[in-house]
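The values are calculated or read from the model by the stated rules, or taken from the named source; none is laboratory data. Nothing here was measured: the structure is a model prediction, and the numbers come from that model. Cβ coordinates were reconstructed from backbone atoms using ideal geometry, including for glycine residues, and neighbour counts include every protein chain displayed.
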Amino acid sequence: MHPETEGPRLLPQMVLCQAGTAAYNGAKRGGCEHLSWAGPTPQTLGGYRMLRFRKPATPSRIFTHGLATTIAAAVVVVVVMLTLLWWAPSQEEDAAHPAVREMLHPQRDHSEDTPEDATTSDWVRPAYPGEQPQSIRQRFRMVHVDLAGRDITNQEVLGAMGRTARHRFVPEELQHTAYSDQPLPIGHEQTISQPYIVALMTQLAEPKPADRALDVGTGSGYQAAVLAELCKEVYGIEIVEPLAEMAAERLDELGYKNVTVRHGDGFRGWPENAPFDVIIVAAAPNEIPEPLIEQLAPGGRLVIPIGAGIQQLVRLRKEPDGTVHRESIIPVRFVPMTGEALQH
């Protein structure tokens, strides 16, 4: 017996039901009016018979089925494309320079990937005789990834950052993180700026070999050391006396003979040694101190953070006729300038 009737509303599927008339009648009572055996003869499976319910094709059903098929195909294509996009960079990474790998995956530690001959870099050199290879490799990564890998393009600035031992300007317990791109505490509620900011401010100041530079807020002396690699003379002023003494001692130990550091209020600058071609300030007043503008030589550049909380990094350029051009660079956050600056 192979009953066939009209009018189903069920998706194609295989069902198992009791053999005989009871199976057929039960299927019809369940609303399955379009019914046929699965094969040319009933197939017995463990006492059950296999039946297939069919739905007649209608335009709406054909459209729905086609739309579902199209959507499923599109999902498969998207999954395949996303898989390929994820897979391709990982393959390129294997053959890339360590700096490129770090930019692709900055959360990974590539310290072991830095070449043993990192000192052959155009920018990175031992900062002093006997410097440990580990610190050189860390500085190599810092210069190539955190600086050149971003927007530090001045070759002289990159070279100065590559020759300056930042780990000697932070407390001993923090030396293992000295070349990470972050500010670090140096005591007395002061910090050493992150390497990128030091490099950016130095690049904005455009130091030249014959320039005289003023470093306001010398802190531990790191910025002064970078400037000493690029300028003829550097004068550093620090309002926290223990830090000023520490910076002077450390710079002398490292052989910087063209740097002079003293304790004092940077708001007034250093008029005895003015004018300066370059002035870099590492503390934020509410407004640019007028004495610093006055001590800027014609053609000189002043780089300074301004404001409270989130400040603006500003560059001033003094023209030969004395006019000053002001340019806002990026938002930054520095410690506030203390001393006389608090009165303004």
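Please specify each residue of region 253-274 satisfying the condition of being more than 34 Å from the chain's Cα centre (by Cα) and acidic (D, E).
If we filter region 253-274 for residues that are more than 34 Å from the chain's Cα centre (by Cα), which is where we start, we get 257-258, 260, 262-265, 268-274.
Across region 253-274, the qualifying residues are D265, E272.
Return the residue satisfying two criteria in turn: it lies in region 110-144 and is small (G, A, S) and surrounded by fewer than 16 Cβ atoms within 10 Å (Cβ to Cβ), and of such residues it is modelled with the highest pLDDT. First the steps, then the outcome.
Taking region 110-144 and keeping what is small (G, A, S), we get 111, 118, 121, 127, 130, 135.
Next, from what is left, pick out any that are surrounded by fewer than 16 Cβ atoms within 10 Å (Cβ to Cβ): 111, 130.
Details: S111: 42, G130: 92.
Filtering region 110-144 for residues that are small (G, A, S) and surrounded by fewer than 16 Cβ atoms within 10 Å (Cβ to Cβ), the one modelled with the highest pLDDT comes out as G130.
Just to be sure I understand, how many residues within region 154-201 are on the phi > 0 side of the Ramachandran plot and either surrounded by 23 or more Cβ atoms within 10 Å (Cβ to Cβ) or among the β-branched types (V, I, T) (or both)? Working first, answer last.
Residues of region 154-201 on the phi > 0 side of the Ramachandran plot: 187-189.
Within this subset, residues satisfying the condition of being either surrounded by 23 or more Cβ atoms within 10 Å (Cβ to Cβ) or among the β-branched types (V, I, T) (or both) are none.
Summing the residues that are on the phi > 0 side of the Ramachandran plot and either surrounded by 23 or more Cβ atoms within 10 Å (Cβ to Cβ) or among the β-branched types (V, I, T) (or both) in region 154-201 gives 0.
So for region 313-326 (the condition being closer than 22 Å to R166 by Cβ and crowded, with 16+ Cβ neighbours inside 10 Å), does at least one residue qualify? Give the derivation first.
From region 313-326, those closer than 22 Å to R166 by Cβ are 313; that's our starting set.
Still in the list and also crowded, with 16+ Cβ neighbours inside 10 Å: 313.
Taking every residue of region 313-326 in turn, at least one turns out to be closer than 22 Å to R166 by Cβ and crowded, with 16+ Cβ neighbours inside 10 Å.
Counting only residues that are in contact with a helix residue (DSSP H, G or I) (Cβ under 7 Å, 6 or more places away or on another chain) and either outside any helix (DSSP H, G or I) or at pLDDT below 95 (or both), how many does region 166-185 have?
Filtering region 166-185 down to residues in contact with a helix residue (DSSP H, G or I) (Cβ under 7 Å, 6 or more places away or on another chain) leaves 166-169, 175, 178-179, 181, 184.
If we keep only those that are either outside any helix (DSSP H, G or I) or at pLDDT below 95 (or both) as well, we get 178-179, 181, 184.
Residues flagged as in contact with a helix residue (DSSP H, G or I) (Cβ under 7 Å, 6 or more places away or on another chain) and either outside any helix (DSSP H, G or I) or at pLDDT below 95 (or both) within region 166-185 amount to 4.
When you scan region 289-300, do you find a residue that is crowded, with 17+ Cβ neighbours inside 10 Å and under 17 Å from K208 (Cβ atoms), even just one?
Yes, region 289-300 contains a residue that is crowded, with 17+ Cβ neighbours inside 10 Å and under 17 Å from K208 (Cβ atoms).
So, P195, is that one more than 18 Å from K257 (Cα to Cα), of a type outside the set (S, T, Y) and in contact with a strand residue (DSSP E or B) (Cβ under 9 Å, 6 or more places away or on another chain) or not? Break it down stepwise before answering.
Values: more than 18 Å from K257 (Cα to Cα): yes; of a type outside the set (S, T, Y): yes; in contact with a strand residue (DSSP E or B) (Cβ under 9 Å, 6 or more places away or on another chain): no.
Judged against the criteria, P195 is not a match.
If I filter region 220-252 down to residues being farther than 20 Å from N273 by Cα and in contact (Cβ under 8 Å) with a residue 24 or more places away in the chain, which single residue comes out as surrounded by the most Cβ atoms within 10 Å (Cβ to Cβ)?
So the residue we want is Y222.
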